[in-house]
Structures are given as structure tokens and as C-alpha cells.
Amino acid sequence: MVFGAGGGTGNGALIEIAKSPESGTSVFCIGVDIDQYFTVPQAQSCLLTSAEKKLVAGTSALVLASFDGTFPGGNFVGATGLAPYHDTEDEVPAEVKAEVEGVIAALLDGSLDTGVVK
């Protein structure tokens, strides 16, 4: 499993993993920032999902807050999430999907402490 963080370097890692004969069967990767299924199509065969920053939603919220005079200033922690499994949907066991959904729910409701100070 390779988590392709690091901009272009991470993209290169995803592409190289996709070239492996085991790509999509025993070797997988995870994209970062946005749904890399669409931005690094060469990696589609091995891409399980992507850890998304939801930058459009966060940027929109800050622009709108600035426009209406409620801009909070300081650090802003926006939404995050996972992209769909796309072509590798059948490769992810149901119990793993359930565990991931539980972690996401705990992150959203605040019951999972990540150490981030808000």
C-alpha cells in the first residue's frame, strides 16, 4: 500500500505502483488532496480511494465569511473525506469499509481525538 502524498512526487509514486504486475490485485495505492482517480488516470487500476481535503468547500466557506463580515481569522480546519472506491470497490472487504465509515463518522462528530486544536 502506497499513500501518494507529496504533490507531483506522490503522483509519480501512484503511477509507478500502477505499472506493477500486481497492481489492483495485491498492490494498491491511496491518493491525496482530491479524488486522484480523475487527476491521475494512469493509477486507476490500483487506486483504492483518495484522502480529500475538500478544498472547494473550505475556500468557499472562507470567501463567503469574508463577504458577509464573519471571517473568523486564524487557523481554519475545513472538511475532509474519502473519494469513492471506483474500480477497486470489490477489492475492499465489507468489514474494512465498515471500519472506515466508523472512523469517518467519529471524525465528523468529534468523538475521535486527532490532537488538532480548534
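Read-outs: derived from the displayed coordinates by stated rules, not from any lab. All values derive from a computational prediction rather than experimental measurement. Note: ideal-geometry Cβ built from the backbone for every residue, glycine included; neighbour counts use all protein chains shown.
With both bridge residues required to lie in the chain, what share of the DSSP beta bridges run antiparallel, to the nearest 5%? Provide the component values of the computation, followed by the final result.
Values: 2 of 10 bridges.
Restricted to the chain, the bridges split so that about 20 percent are antiparallel.
Mind listing the Cα extents of region 10-68 along all three principal axes, in Å, largest one first?
54, 16, 14
Could you line up S20, S60, S111 from fewest to most neighbouring Cβ atoms inside 10 Å? If you can, show how the numbers build up before the last one.
Working: S20 16, S60 12, S111 8.
Arranged by neighbour count, lowest to highest, S20, S60, S111 become S111, S60, S20.
Could you point to the label whose value was computed as Kirkwood radius over Cα pairs in Å for the structure here, given [x] 15.8; [y] 16.5; [z] 13.8?
Looking at Kirkwood radius over Cα pairs in Å for this model, the match is [x].
Between V92, V27, V40, where does the largest GNM mean-square fluctuation fall for the chain, given springs only between Cα atoms within less than 10 Å?
Maximum fluctuation in the GNM of the chain, among the listed residues, is at V92.
With just the Cα atoms defining each centre, how far is region 45-96 from region 1-25? Give it in Å.
When both Cα centres are located, 21 Å separates them.
Check F28: other-chain or 5+ apart residues with amide H under 5 Å from its amide H, H built from backbone geometry?
So F28 has HN proximity to V2.
When the label point is put 7 Å from the Cα of L55 along its Cα-to-beta-carbon vector, which residues of region 1-17 have a backbone N closer than 14 Å?
Answer for region 1-17: 5-11.
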